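In what follows, a structure is listed as structure tokens, so that the remarks can point back to it.
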Amino acid sequence: MWMSRIALAGLATFLSLAAVECGLRVRGHLLNRGLLENALTTPIEPPLDGPAELGHMIRLSRNRRIIYELKPNLDVTFKGHRVTTNENGFRGQYYPQEKPENVIRILGLGDSVMFGHGVADDEVYLAVLEESLNRGSDLHRFEVINTAVPGYSTAMEVETLEEKGLSYSPDIVILHFVRNDARLPNFVRKDAPVFSVRRLFLVDFVRASLRGEEPETQDLLSRRGLAKSPRHENLPRRFAEDPDRVPEEYRDMVGWSAVAESLAELAALRERHGFELVVVTNSVKQVDIIRALIAACDELSIPVVDVGEEYRRFLAAGGFDSLQEARLVVSKRNYHPSAQGHQIIADALLDWLRKEGY
């Protein structure tokens, strides 16, 4: 008899704990929904005076694979320069989705390099390219749309094309590749993993209660649905890129295999939608990864504009020993292209487009 009572008591306890766990998971699901709506309706406002950080300039995206996006209608000072975004949340001039006649549209996919980290709006290479193309064309007008966002990976960039870019009917798509395209982006979603079997919400709740914390205690960015990405195990300045060391939701978005799959998806989109495709890279030192990129693009018949070669020629012609000495980067601490570096990228793309008949 007493064994039956113990068994019944154990079953009752288990069912009670299971009910509490289910309740906490439902609560987590509702909080996730609230985070998204809160992030979209009350984003973090940039400072009225003083410089903005990237966290001021982004918001959570409804698309889970895009993760975050630039906020529309920004007008801030970022890294010493004015940065504006149009009503679509892109850096650069606003263009409606419907493409006028006699217009050739170029759409850029990229991260902080294409975005123009550390340079002014009119110094970004896509803006320079647009001006050069229109200055030298009587038959067509060129419209260049820059969808780049600092920290994006190749997987996020291709998702951006599908989610946002294709509606602009691009004639040419430019993908800018950098080494960190295989890593996690700067931020990931701060969701409660309500479907994960590896986490017990009840245990987390008890731990937080014992520490005297509210389970939802987060910083300002976290309350808008985002968290800083985990870092590389041995290189703390880099974000994680090993699929076994990143959150489960993002494992198919990191590593070279994710880059290769994204390039293949991009090539398939090219065939379905009829746009021309080119990959541009401006790396000088990372020779092995660029060789892998070129080999992958060759298999997919994707042309590559290697601006790293242009940089090396510029260094040799001027007798410079480094990108810093040649002022091709913003500063010793900011290795993104300077205005001069962007000009060289724009010139290289202009040469390629001219050879293609534009």
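The values are calculated or read from the model by the stated rules, or taken from the named source; none is laboratory data. These numbers come from a predicted model, not from an experiment. A quick note on method: Cβ atoms are made from the backbone with ideal geometry, for glycine too, and the neighbour counts reach across all protein chains shown. Heavy atoms of the whole protein, side chains included, go into the accessibility calculation; ligands, DNA and RNA do not. Shrake-Rupley method; radii C 1.70, N 1.55, O 1.52, S 1.80 Å.
Which of the residues belonging to segment 269-293 are over 18 Å from VAL173 (Cβ atoms) and not polar (S, T, N, Q)? Quick ask: steps written out before the conclusion?
If we filter segment 269-293 for residues that are over 18 Å from VAL173 (Cβ atoms), which is where we start, we get 283-292.
Of everything in segment 269-293, those that are over 18 Å from VAL173 (Cβ atoms) and not polar (S, T, N, Q) turn out to be VAL284, LYS285, VAL287, ASP288, ILE289, ILE290, ARG291, ALA292.
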Yes or no: TYR95 open to solvent by less than 40 Å² (accessible area, probe 1.4 Å), out of contact with any strand residue (DSSP E or B) (no Cβ under 7 Å at 6 or more places or on another chain), within 23 Å of LEU266 (Cβ to Cβ) and at pLDDT 95 or above?
no
Only one of (1) of a type outside the set (A, V, I, L, M, F, W, C); (2) over 24 Å from SER229 (Cα atoms); (3) open to solvent by 50 Å² or more (accessible area, probe 1.4 Å) does not apply to ARG59, and that is (2)
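Every residue, every condition in (1) in contact with a Ser or Thr (Cβ under 7 Å, 6 or more places away or on another chain); (2) at pLDDT 65 or above; (3) of a type in the set (S, T, N, Q), yes or no:
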position: ALA208; (1), (2), (3): no, no, no
position: GLN218; (1), (2), (3): no, no, yes
position: ASP244; (1), (2), (3): no, yes, no
position: TYR250; (1), (2), (3): no, yes, no
For segment 154-175, check the following and say yes or no: at least one residue is assigned to a strand (DSSP E or B) and over 30 Å from SER257 (Cα atoms).
no
Among (1) open to solvent by 10 Å² or more (accessible area, probe 1.4 Å); (2) under 28 Å from ALA182 (Cα atoms) - the single one LEU109 does not satisfy
(1)
Among the residues of segment 30-56, what is the count of those that are at pLDDT below 50 and either surrounded by 14 or more Cβ atoms within 10 Å (Cβ to Cβ) or within 20 Å of the chain's Cα centre (by Cα) (or both)?
7
